[in-house]
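For reference, the structure is listed below as structure tokens.
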Amino acid sequence: MTSRFLIINADDAGYSRGINNAIAQCAERGVVRSTTLMANGGAFEQAVKVLGGVGNLGIGVHLVLTDLAPVDSTGRIQELLDEAGRLPRGPLALFSALAAGRGGGEALRRELSLQVEKVLDHGILPTHLDSHKHVHGLPPVLEIVLKVAARYRIRWIRNPFDETGRAPDILRSLDGPWRSRFLLQWLQTREARLLRPHFRRALRQAELRTPDGFFGTTLTGLWNMELVRTVLGRLPPGTHEWMTHPGKDEAEMRRMGTRLVEERFREMDLLLSPELDRFLTSHAIEIRSYRG
């Protein structure tokens, strides 16, 4: 195989109206062909309305087990919720809760199933599954995600293990203030790679598919055109995914408290830039979604 395929996925659809509108614009006028939808996002209904009609956009499910309120209202996942009724604050908090016996497998399976069913009930056939903050890379969560994928006949799952490349190459493409942030994110992704053999083995056994490579976690909030040239200019043959976070409406996002605000605006500008389109064309990188 010598062809190079790239899935540019815009995460967090359904999180806010500004994010939904940015993804729609990047799909209609730019290179985005894939997104993932948060069933428990505050702007889910608007996301279905503005994204469901974009003909070239594949839509998957962004499974959420952190930060937001659950879809399940029966109380079965109550042990994982804080006083405000929200799921744990991040992957480490989720893992610690599960290790302590809070939130059993059946409660997680029901919650994730309800998230997929909510998307299906709104007329969207999911192309793939990924997860907020990549928690499906955790073995106890992955086991349940694989069962959910099988139940709803979803054949693709994101490969969450970043393969951005050598740190010195990236550092040359970043200004001083951004280098410490990159190094922190780079170290975190290196630790996560310890889970990669288990992930790939589990997907093979479940007969599910995942991209050959993944880019985005290490460079979340840092992407610029120079980094695109550095990372994607060396893209090997196969199918790879680039995770992005376009967004607009600064006031809305500041009210939400997301850590990515201006970064979302920069990524949107990058995804809409003619320079990016020319680069992908000149390097014979074919853009597609998880449905092909």
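Values in this text are rule-based calculations from the coordinates and carry no lab data. Nothing here was measured: the structure is a model prediction, and the numbers come from that model.
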>> Sequence gap of 8 or more, or different chains, plus Cα separation below 24 Å: how many lysine pairs satisfy both in the chain?
In response: 6
>> Quick check: the angle from helix 105-121's long axis to the longest principal axis of the chain, C-alpha only, nearest 10 degrees?
In response: 60
>> Output the 0 to 90 degree angle, nearest 10, between the alpha-carbon long axis of helix 176-192 and the longest principal axis computed from the alpha carbons of the chain.
In response: 50
> If contacts are Cα pairs under 8 angstrom and at least 6 residues apart, what is the relative contact order of segment 4-288 in percent?
Replying inline: 25
> Can you list the equivalent-ellipsoid semi-axes of the chain, largest first and in whole Å, using the square root of 5 times each Cα gyration tensor eigenvalue?
Replying inline: 28, 21, 20
> Relative to the longest principal axis of the chain, what angle (0 to 90°, nearest 10) does the C-alpha long axis of helix 17-29 take?
Replying inline: 40
